[in-house]
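To start, the structure itself, in structure tokens.
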Amino acid sequence: MLNCRGRWIEQEHDVELKHSIKVVSRKTGLSPHLIRVWEKRYSTTQPQRNDVNRRLYSLEDIERLRLLKRATDSGHSIGDIAHLPTGRLAELMAAEPPEPSPKVENRRAADSPSLPIPVVQPAEWVDKAYLAVKDMDSVALEAVLDAGSVELGQLRLLSDVIVPLVERIGEAWRVGQLKVAHEHVASAAIRTFLGHVARPISVHPSAPVLVTTTPAGQLHELGAVLVAAAATNDGWRVVHAGACLPSEEIVTVVQAHRAKAVALSIVHPEDDPHLEGELRRLRRLLPPGVVVLVGGRASGAYGKVLEEIGATRVKTLSELAGILAPLRRTTVPASNAA
């Protein structure tokens, strides 16, 4: 009996070690990307590996990650608590109020000198990221974004860091402080980063498709990349077609993917004599019913032609979310099957 029980316990233990990172993500509410970042930077867990080098987590690992998520959600910095034993984390969370108010969170640093809670300033992350862009250091830029996502969370990083960073890069280019090459390096790094974190779980194959790009003559791609990330987070299947695409090529992409909408970024210049013709041609060639969304710093200068072709001008990411949500529920135009 004792031997049988001992063997059973060993088998159960083996099963516990076979939780994949996707399962752990569902059980803890942490994205696989964030779990890996925490492991690499803070050694929060030390999972075993299987024959193909995939991570295997125990129930103890899952409980530790749950506690770490609760603690960071309550306002604790991961850098301050990652070294704590699991038992100490449990004690820390047991002492926390169920729903801490902002006043309690602000007071916590003074009450717990051993666990100081720094005031997170997104502007500091913007400054760090901009310095990496100026140095054309894509590795440093991705490292800043990784660290920012750990401290701020993905959605706040997108709205409070990456959006202001893109605006700052665009303005610096406009006044001659940065070159197009700087923006291309930044675009590549941001696109790579957002590809990792924009949506931890794959978008369903039946999700509606949004094509993001910039029209012919528009070399600045970052705005379109941001829209792609935001739409992916909202459950769209996004096809990012790059920058400076003629209207005929945009239509080819839309038809190939039976896209429900196309989003264009227009940043500079505000008086392109060819852009109005490109926009009119795009609307004429697109299948009926495909929605055209246009944003970017210079988009307001083309308001007349945008109204003429029935395009919707989008000023902010929150406004974009409000447009995309009801659009998801509409029917895909039959003519898109061409």
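The values are calculated or read from the model by the stated rules, or taken from the named source; none is laboratory data. On a predicted model such as this, the values are computed, not experimentally measured, just so you know. Cβ coordinates were reconstructed from backbone atoms using ideal geometry, including for glycine residues, and neighbour counts include every protein chain displayed.
General observations
- Scanning the stretch 153-181 for residues that are assigned to a helix (DSSP H, G or I) and surrounded by fewer than 18 Cβ atoms within 10 Å (Cβ to Cβ) yields a count of 11.
- Taking the conditions (1) at pLDDT below 95; (2) crowded, with 18+ Cβ neighbours inside 10 Å in turn, V291 satisfies each one other than (1).
- Residue in the stretch 275-284 that is modelled with pLDDT under 95, crowded, with 18+ Cβ neighbours inside 10 Å and among the aliphatic types (A, V, I, L, M) present: no
- Residue identified as part of a helix (DSSP H, G or I), surrounded by 23 or more Cβ atoms within 10 Å (Cβ to Cβ), assigned by TED's automatic domain parsing to the domain that holds V292 and touching a helix residue (DSSP H, G or I) at 6+ places or on another chain (Cβ under 9 Å) among L226, L141: L226
- Here V166 fits the description: of a type in the set (V, I, T), more than 30 Å from S74 (Cβ to Cβ) and out of contact with any Phe, Trp or Tyr (no Cβ under 6 Å at 6 or more places or on another chain).
- Residues of the stretch 285-317 satisfying the condition of being among the hydroxyl-bearing types (S, T, Y), in contact (Cβ under 8 Å) with a residue 12 or more places away in the chain and out of contact with any strand residue (DSSP E or B) (no Cβ under 6 Å at 6 or more places or on another chain): Y302
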